[in-house]
Amino acid sequence: MSILRYTTPRGVTVTRARSRMPFRKGLDHLLRELDRRRGIYLSSGYEYPERYSRWDVASVNPPLEISGAGRELEFRPLNLRGQMLAEMFFHLLREHPHWESLELGAGALRGRLKPLPDLFPEEQRSKQPSFFSILRALVTEFRHPRDNRLALVGAFGYDLLFQFDPIRLRLPRPPGQKDLRLFLCDDICFMDRKKEIIERFQYDFDFEHLSTLGLPRTGEDIAPCPRSGPSEISSDHEPEEYMAKVERVREGMKRGDYYEVVLRQTFSAGFEGSAADLFRRIQKGSPSPYEFLLQFGDEQLAGASPEMFVRVEGRRVETCPISGTVRRTGDPLRDHDLIRELLNSPKEESELTMCTDVDRNDKSRVCKPGSVRVIGRRLIERYAGLFHTVDHVEGELDDGYDSLDAFLSHMWAVTVIGAPKKAAAQAIEDLEIDARGWYGGAVGMLSLNGDINTGILIRTVHLRDGLARYGAGATILYDSDPAAEERETRLKATGFFRSLEPQPAARSRARAPQPGRGLRVLLVDNDDCFIQTLANYVRQTGAEVTTYRAGFPLELLDEVKPDIVLISPGPGRPSDFGVPGVVRACAARGLPVFGVCLGLQGVVEAFGGELGVLPYPMHGKPSMVRHDGRGVFAGLPQDLKVGRYHSLYAIREKLPPVLEITAESEDGVIMGVRHRSLPVEAVQFHPESLLSQDGDHGLKMIENMVRHFRKVSSASGTASGSGGNG
C-alpha cells in the first residue's frame, strides 16, 4: 500500500491509500453488489487503436450524491462520511458568486443557481451560472497533479442543455426527474485488462473540525422493485405516427428551419430481476467502448454506448461523431457490399458531414484557433449487429477554457439532436411525446484533476418503478425515407429486445503572416450551429472576434466599434433575426459587412432584393461554383467546390442594381454578391464547412475577406490597427 497526502488551496487535507487486488478475482463481486447497493460500474469492451482500450471501474457505497433539476442542486449524504463532506462543501462553496441561495440542513446541502443573464458575449456562454459552475469550483479546489483517481461518476441528463442554451419548453417534466446524478467515489477500483492490474484507491478528507477518518464506508440496502407492466415490449409510437413526424420534419427542412433532426421513439416493458444480470447480457450482446451500470437506488441505467461524447485529457479535446448505420449479416462478403453501399451513399455522407461540421463548430468555441482537425474520416466501426461510419475530431483547449467548457460547448451531440442545435432541440420538444430524461445526455467520469471521459447516453435501458424503457432515434434529413427511418429505430433497439430475454490526417500548415492582426470583428450569431467554426477561421487570421446573438441593440455597433461585421448563417428567414436592419445600420456607419448564407440573404433584402425557395433544399451538399476572382475569391481556382446549407436563395431577376453577382453554382443559383459602392460582400455557401476545405479554400476566403476589408478600412482611415477606430 502507498499513501499520497496533499492539501487543497482552501485547506482540505486529502489522504489517498493505494493498494493492489488480485487480478483473477476481477470486479464481478462489486458488480453483483450493485443489485442491492448504490454505486457505479463502468467498462470498455471495445478496442480501437489510439482511441479505445479495455478497462473497468467500479465503486460501491459512495458517500455523497450530487443531483439537480432545473436550477436546484443538492449534495445528499449517503452515510456518515457523506455528512462530513456535505458540511465541508458548504464551507468551500458558499461564497461562489453563481449561487442565488445555499443552505445546509435537513441532512443535505441544497442550493439554487442564479438565472442565465440576458446579454453576454457568446465566448462567455459556458462561464454563465449553471451546475457546471459548481463542478468547476470542486475541480479547482481538489485538482492535484499526481492524482487522477478522485472522481465524480454518473449521468448527465438531456435537460442540462437548457442551462447552456434555453428553448421554449412544452412537454411536462415528470415529478422527481433529475438532470444530473453524480457520485463522489471515495473507494474506487480500476482494472486494466491489458496490464492485468487492479488498483484500489480509498480517500479520506480533513477540514477544520470535520473529518472522514475512521468513519465506515457503508450504505443502505436497496429493495427490489416488482414488475409494473406487461413483459411484452411496446412502443410509444405506431409506425405510421413516427413516419408522419418524419414528414413534418422534412417540411421544416424545406422551409430552411433546420438541416437535420434526430427523432426518438421509446420502447418499454415491465421488468423485475437483477440489474447486474441485465447489464451482463447487454455487455455480452453489444460490446462497446462505454458500458455502464449506474445504481441510484430509485432508478438504474444499464447500457452499452458506441459513441464518445467528450473526452478531455490535459488540454486535448476529442470526440467521435457516429452517423450512418447498416446491419451486419454474418457473411463477410455481403457485409463488404453493405459497407461499400454505406460509404457510397450521398445521404449517409451528408449526414455524417453535418454532424462533424457541427462538432468542429462546438470545439471552435473553446479550442485554440487552428487546432481543431479531423484525424479520422468516415471510419468503419464494427459493433454487435451493426456497422457505423465514424469521424474522429480533436482540438486543443484555448487559454481561459477548461474541460467543463468543452463539455458544455458540445451539449448535446448533434448525432442525438440535429442541427442547428437550438432549432433541432425546439423541434424535438414540439414533436416528441415526452421529455427525454436521460436519453441523449452523457455518462462517465469527471476526474477532479479536470479530465473528462464520457459516452453518449444511447443504447441504454432505464429502469424505474418496475418498468424498463429504451429510447432509439434516427437522424432525419430532407433525403430521408420515413419508413426506412422508422425501421432504423427498431434496428437500433434489437439489442434491447435481446437483453430483456434471460440469456491521422496531416496537420494544417502554419499560416503566416496574419492579415487580420489588429482588426476587430463583430460576429452576429443568428442561432447558427457553425458560428464557432467561422469565428475560429477569423481568429486564425489574427483578428479579434467578439460574438453577440442577433437582437442586440444597434447602438452596440457604436460601443464595440468593429472594423468588420460578419453576419452568420442561421435557420429561417433573415427577417426572423433582423438581419436586413443590421446590414442597413452598418451601411449607415460605413462598416464593412461580410454575410454567410443567411447573411447573404439579409444583404439582398436590405437593399431591396427578394428571396425564393429552392425546389430541393441543399443541406450538407457539395456544389461547384464559378466566381469573378475578386474580393473573397481572389487567387482561388475558377471552379471551386463548396458546402451548401440553404433552402432560400436570391432571385436573380429581383436583385437590386446596387448589388453585383460575384459567384454562382452549377445549377444557376447566386452564390455570391458584392455592393457596387459600399464595403459589403456575401456568399451563400459555407466557407467553414468540411465540403469547402479542399486546398484550404474556405480559410483562404476568410483571409481574403479580412485582407480586402483591411484595405477598405485603411483607405478610409477606420481600421483599429491604424488608429482610426480605437
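The values are calculated or read from the model by the stated rules, or taken from the named source; none is laboratory data. Because the structure is predicted, anything quoted here is derived from the model rather than measured. Using ideal geometry, Cβ is built from the backbone for each residue, glycine included, and neighbour counts are taken over all protein chains shown.
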Long-range neighbours under 6 Å by Cβ, at least six apart or interchain, first residue under 20 Å from residue 494 (Cβ atoms) within segment 376-389, second in a strand (DSSP E or B) and aromatic (Phe, Trp, Tyr)
380/387
Restricting segment 159-216 to residues that are part of a loop (DSSP other than H, G, I, E, B) and touching a Leu at 6+ places or on another chain (Cβ under 6 Å), the one farthest from residue 528 (Cα to Cα) turns out to be 215
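Yes/no matrix, rows are residues, columns are (1) closer than 21 Å to residue 289 by Cβ; (2) of a type outside the set (Asp, Glu); (3) touching a His at 6+ places or on another chain (Cβ under 6 Å); (4) buried (at least 17 other Cβ atoms within 10 Å of the Cβ):
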{"position": "19", "(1), (2), (3), (4)": "no, yes, no, no"}
{"position": "24", "(1), (2), (3), (4)": "no, yes, no, no"}
{"position": "32", "(1), (2), (3), (4)": "no, yes, no, no"}
{"position": "41", "(1), (2), (3), (4)": "yes, yes, no, yes"}
{"position": "45", "(1), (2), (3), (4)": "yes, yes, no, yes"}
{"position": "72", "(1), (2), (3), (4)": "no, no, no, no"}
{"position": "99", "(1), (2), (3), (4)": "no, yes, no, yes"}
Scan of segment 304-319 for residues that are under 30 Å from residue 60 (Cα atoms) and assigned to a loop (DSSP other than H, G, I, E, B), ordered by number:
306, 307, 314
Looking at 688, 681, which is the one that is at pLDDT 90 or above, assigned to a loop (DSSP other than H, G, I, E, B) and in contact with a Phe, Trp or Tyr (Cβ under 8 Å, 6 or more places away or on another chain)?
688
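Mind counting the residues in segment 63-107 that are modelled with pLDDT of 95 or more and farther than 18 Å from residue 129 by Cβ?
Step one: filter segment 63-107 for residues modelled with pLDDT of 95 or more, giving 63-104.
After this cut, where a residue has to be farther than 18 Å from residue 129 by Cβ as well, the list is 63-65, 76-88, 90-91, 104.
Summing the residues that are modelled with pLDDT of 95 or more and farther than 18 Å from residue 129 by Cβ in segment 63-107 gives 19.
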Residue satisfying condition, being more than 25 Å from the chain's Cα centre (by Cα) and modelled with pLDDT of 95 or more, within set 313, 318, 251
251
Can you name the residue in segment 531-582 that is surrounded by 24 or more Cβ atoms within 10 Å (Cβ to Cβ) and polar (S, T, N, Q) and is also farthest from residue 254 (Cα to Cα) among such residues?
541
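One line per residue, one yes/no per condition, for (1) more than 25 Å from the chain's Cα centre (by Cα); (2) in a loop (DSSP other than H, G, I, E, B):
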{"residue": "279", "(1), (2)": "yes, no"}
{"residue": "294", "(1), (2)": "no, no"}
{"residue": "302", "(1), (2)": "no, no"}
{"residue": "323", "(1), (2)": "no, no"}
{"residue": "329", "(1), (2)": "yes, yes"}
{"residue": "351", "(1), (2)": "no, no"}
{"residue": "354", "(1), (2)": "no, no"}
{"residue": "360", "(1), (2)": "no, no"}
Select from segment 278-298 the residues that are out of contact with any Lys or Arg (no Cβ under 8 Å at 6 or more places or on another chain) and farther than 22 Å from residue 183 by Cβ and write down the one among them that is surrounded by the most Cβ atoms within 10 Å (Cβ to Cβ).
287
Count - residues of segment 691-719 that are modelled with pLDDT under 85, crowded, with 17+ Cβ neighbours inside 10 Å and not aliphatic (A, V, I, L, M)
2
